[in-house]
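Remarks on the structure that follows.
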Amino acid sequence: MIWLALILAVGLAGALAYWQLIIAEGAYLGAPLVALLYDWTAEKYNSIKEFNDDDEDYCLGRPLATRLDGGAGVTILDVATGTGRIPLVMLRQPDFHGRVIGVDRAWKMLTVARRDTAHLGERVSFIQADVMALPFASNRLPVVTCMEALEFLPNPQSGLAELVRVLQAAGKKNPGRGWLLTTNRVGWEAKLMPGKTWSREQLERILGRMPLALISIQVWQDIYDQVWAQKIAPN
């Protein structure tokens with residue numbers, strides 16, 4: 001019986017570790033550990049994710065460039081930029097003429113991003129910072145993106161509110177501004193991350209309480225909902 005109890009205990013500990021470190025990627029153990037786990041895989045991250053340029057252009061680059069109507073002078077803030085996914089996608093769009101600032105807590109991920117975007121010059125820059133307290137004034141950035149990252153924040157709803165805080169509101173003089181692009185994890189893995197993900201109905205309620213309009217939620221990559229919304233100025 002003692003051996004059986006020991007085997008069960010070891011198995012339970014292994015399952016718990018797999019859940020916390022692999023599926024949840026440290027999300028319940030604090031932001032420093034999340035950043036450390038990403039730093040450990042920084043050099044292999046792009047090969048693990050298997051990004052496809054054509055798919056990225058179709059799902060991210062062209063839709064965002066279209067909404068920005070060329071984006072001359074527009075700055076995109078890419079939160080949790082990782083190895084520079086959004087900067088790389090956007091700066092190969094022929095209709096995008098703005099710049100991208102990438103923010104992440106994981107410095108090795110940013111090291112890879114800086115290396116892989118060095119050929120893009122001054123149109124790309126990176127900042128190491130806490131996503132939960134972005135170093136930007138409110139209503140400052142014309143476009144804010146945050147892909148596949150909300151569920152790994154200490155408080156996803158507060159993190160979403162922080163994205164909206166720094167986002168500039170759209171107006172008559174800047175109709176192509178104020179765009180938010182983010183994701184919410186869905187599928188079976190989302191059920192293993194209670195408090196970190198939302199159902200479609202929960203997400204709609206959360207977004208509805210924020211100063212957002214033109215909200216569009218659509219299934220993306222099977223395990224995510226892709227969220228588009230435009231910030232509006234308060235009455």
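The values are calculated or read from the model by the stated rules, or taken from the named source; none is laboratory data. Keep in mind it's a predicted model, so treat the numbers as computed, not measured. Cβ: placed from backbone, ideal geometry, glycine included. Neighbour counts: every protein chain shown.
Filtering the range 129-153 to residues that are within 15 Å of the chain's Cα centre (by Cα) and either of a type in the set (Ser, Thr, Tyr) or not in a helix (DSSP H, G or I) (or both) leaves Ala129, Asp130, Leu134, Val143, Val144, Thr145, Cys146, Met147, Glu148, Ala149, Leu153. Looking only at residues in the range 69-90 that are hydrophobic (A, V, I, L, M, F, W, C) and more than 18 Å from the chain's Cα centre (by Cα), the one that is farthest from Met147 (Cα to Cα) is Ala72. If you check Ala113 against the conditions, is it among the small types (Gly, Ala, Ser) and part of a helix (DSSP H, G or I)? The answer is yes for Ala113. The single condition among (1) outside any loop (DSSP other than H, G, I, E, B); (2) in contact with a Phe, Trp or Tyr (Cβ under 8 Å, 6 or more places away or on another chain); (3) on the phi < 0 side of the Ramachandran plot that Leu214 does not satisfy is (3). Of all the criteria given as (1) small (Gly, Ala, Ser); (2) closer than 21 Å to Tyr28 by Cα; (3) assigned to a strand (DSSP E or B), the one not satisfied by Ser125 is (2). If only residues of the range 189-200 that are assigned to a helix (DSSP H, G or I) and modelled with pLDDT under 90 are counted, the one that is surrounded by the fewest Cβ atoms within 10 Å (Cβ to Cβ) is Lys191. The residue that is nearest to the chain's Cα centre (by Cα), among those in the range 43-68 that are farther than 24 Å from Trp179 by Cα and among the basic types (Lys, Arg), is Lys49. Counting the residues of the range 217-235 that are farther than 17 Å from Glu151 by Cα and outside any strand (DSSP E or B) gives 3. Candidates are the residues of the range 109-131 that are buried (at least 16 other Cβ atoms within 10 Å of the Cβ) and of a type in the set (A, V, I, L, M, F, W, C); the one that is modelled with the lowest pLDDT is Leu120.
Where in the range 47-108 are there helices (runs of 4 or more DSSP H), lying wholly inside it, with at least 1 residues that are small (Gly, Ala, Ser) and surrounded by fewer than 22 Cβ atoms within 10 Å (Cβ to Cβ)?
Passing ranges, in order: 62-68.
Regarding the range 201-218, can at least one residue be identified that is closer than 25 Å to Thr83 by Cβ, under 16 Å from the mean Cα position of the chain (by Cα) and surrounded by 14 or more Cβ atoms within 10 Å (Cβ to Cβ)? Taking every residue of the range 201-218 in turn, none turns out to be closer than 25 Å to Thr83 by Cβ, under 16 Å from the mean Cα position of the chain (by Cα) and surrounded by 14 or more Cβ atoms within 10 Å (Cβ to Cβ). Taking the criterion of being surrounded by fewer than 15 Cβ atoms within 10 Å (Cβ to Cβ), in a helix (DSSP H, G or I) and not aromatic (Phe, Trp, Tyr), the residues of the range 158-188 that qualify are Ser158, Ala161.
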